[in-house]
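> Pasting a structure here, questions to come.
The values are calculated or read from the model by the stated rules, or taken from the named source; none is laboratory data. Being a predicted model, the structure only gives us computed values, none of them experimental. Neighbour counts run over all protein chains shown; Cβ positions are idealised from the backbone, glycine included. Protein only, heavy atoms only, side chains kept; ligands, DNA and RNA dropped before computing areas. Shrake-Rupley method; radii C 1.70, N 1.55, O 1.52, S 1.80 Å.
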Amino acid sequence: MKTAVFCDFDGTITRRDVGYSIFHHFSGGKNDDLLPDWKAGRMTTRTCLTLEAGMVKASAEEIYRFIDQFELDEGFVEFVSLCEKNTAPVFVASDGLDFYIKYILGKYNLDHLELKTNVGRPENGGLTVEFPYQNVSCRHCGVCKGERIQQFRESAEGKYRVVFVGDGYSDACATREADLIFAKKDLERYCLANDIAYVKYNSFHDVSRILVEQGYLSR
Ligand SMILES: [Mg+2]
Ligand SMILES: [Zn+2]
């Protein structure tokens, strides 16, 4: 059986949440008022992202200069090499925005990774967002990670064990579809509250080590 990996981006591939930080910094903190409703499921991700993007007042140059400070998890580059050695596909599944994901991955020569995410453009002194993914049944997510995993399984030739690595509430739907879940922070709280089995991790060094120990990948 082959292994495929879906990774959340913000707070998982990067140590800090880039999307949140952009919205927070360039809205003067106003975006925080929206988050309790989003976390409680009373506001959809699309509505939340659209409202947050509308609060951003900054030039493209200012936004790119701001995102230069964000770093990847210290074990992620090595993790991708390990997966490539095993011909295990790695997908970046994010309910954030493509422009900063591409920019940051590019700095680490990882822009070949396939992204499943929303579209964002810094333009005209602000930020616009679009949602190219149509979800079939999920009414909450922008990009539903559960549906993306399901779609991958349907289109993939051969059988895959799907591993998911995440840290937040936007990863909730993925927990219903993945075979093995790595969770920390809000995603760990979600798994505990909903009786979902997960493996606790801190960095991608842990993910690599555990996947080798459990026979998903080999060194
Ligand atoms: Mg996250
Ligand atoms: Zn969903």
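> Across the range 1-39, what is the number of residues that are more than 12 Å from ligand 1 (Cβ to nearest atom) and open to solvent by 50 Å² or more (accessible area, probe 1.4 Å)?
Residues that pass the stated criteria total 11.
Condition check ((1) within 16 Å of ligand 1 (Cβ to nearest atom); (2) small (Gly, Ala, Ser)) across all residues:
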| position | (1), (2) |
| --- | --- |
| Asp98 | yes, no |
| Glu114 | no, no |
| Glu123 | no, no |
| Phe131 | no, no |
| Val136 | no, no |
| Val143 | yes, no |
| Gly146 | yes, yes |
| Gln151 | no, no |
| Cys173 | yes, no |
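> Moving on to the next point. Considering only the range 154-171, state which residues are in contact (Cβ under 8 Å) with a residue 24 or more places away in the chain and not in a loop (DSSP other than H, G, I, E, B).
So in the range 154-171, the residues in contact (Cβ under 8 Å) with a residue 24 or more places away in the chain come out as 156, 158-171.
Across the range 154-171, the qualifying residues are Tyr160, Arg161, Val162, Val163, Phe164, Val165, Gly166, Tyr169, Ser170, Asp171.
> Moving to a separate point now. Would you tally the residues in the range 86-116 being touching a Lys or Arg at 6+ places or on another chain (Cβ under 9 Å) and within 16 Å of ligand 2 (Cβ to nearest atom)?
Selection size over the range 86-116: 5.
> Next question. How many of the residues in the range 105-128 are in a strand (DSSP E or B), more than 20 Å from Ala88 (Cβ to Cβ), open to solvent by less than 30 Å² (accessible area, probe 1.4 Å) and of a type outside the set (S, T, N, Q)?
Adding up the residues that qualify gives 4.
> Can you name the residue in the range 143-187 that is open to solvent by 20 Å² or more (accessible area, probe 1.4 Å) and of a type in the set (Phe, Trp, Tyr) and is also farthest from ligand 2 (Cβ to nearest atom) among such residues?
Across the range 143-187, the extreme among qualifying residues is Tyr160.
> Could you check the range 61-81 and list, in sequence order, the residues that are open to solvent by less than 10 Å² (accessible area, probe 1.4 Å) and touching a residue at least 60 places away in the same chain (Cβ under 8 Å)? Write out each step before concluding.
Taking the range 61-81 as the starting set, the residues that turn out to be open to solvent by less than 10 Å² (accessible area, probe 1.4 Å) are 63, 67, 70, 73, 75-76, 79-80.
Ile63, Asp73, Gly75, Phe76, Phe79 - these are the residues of the range 61-81 that are open to solvent by less than 10 Å² (accessible area, probe 1.4 Å) and touching a residue at least 60 places away in the same chain (Cβ under 8 Å).
> Out of (1) open to solvent by 20 Å² or more (accessible area, probe 1.4 Å); (2) under 27 Å from Asp73 (Cβ atoms), what's the single condition that is false for Cys48?
With respect to (1) open to solvent by 20 Å² or more (accessible area, probe 1.4 Å); (2) under 27 Å from Asp73 (Cβ atoms), Cys48 is out only on (1).
> With respect to Arg42, determine if the residue is within 16 Å of ligand 1 (Cβ to nearest atom) and assigned to a loop (DSSP other than H, G, I, E, B). Explain how you work it out, then say what you get.
Values: within 16 Å of ligand 1 (Cβ to nearest atom): no; assigned to a loop (DSSP other than H, G, I, E, B): yes.
No: the conditions fail for Arg42.
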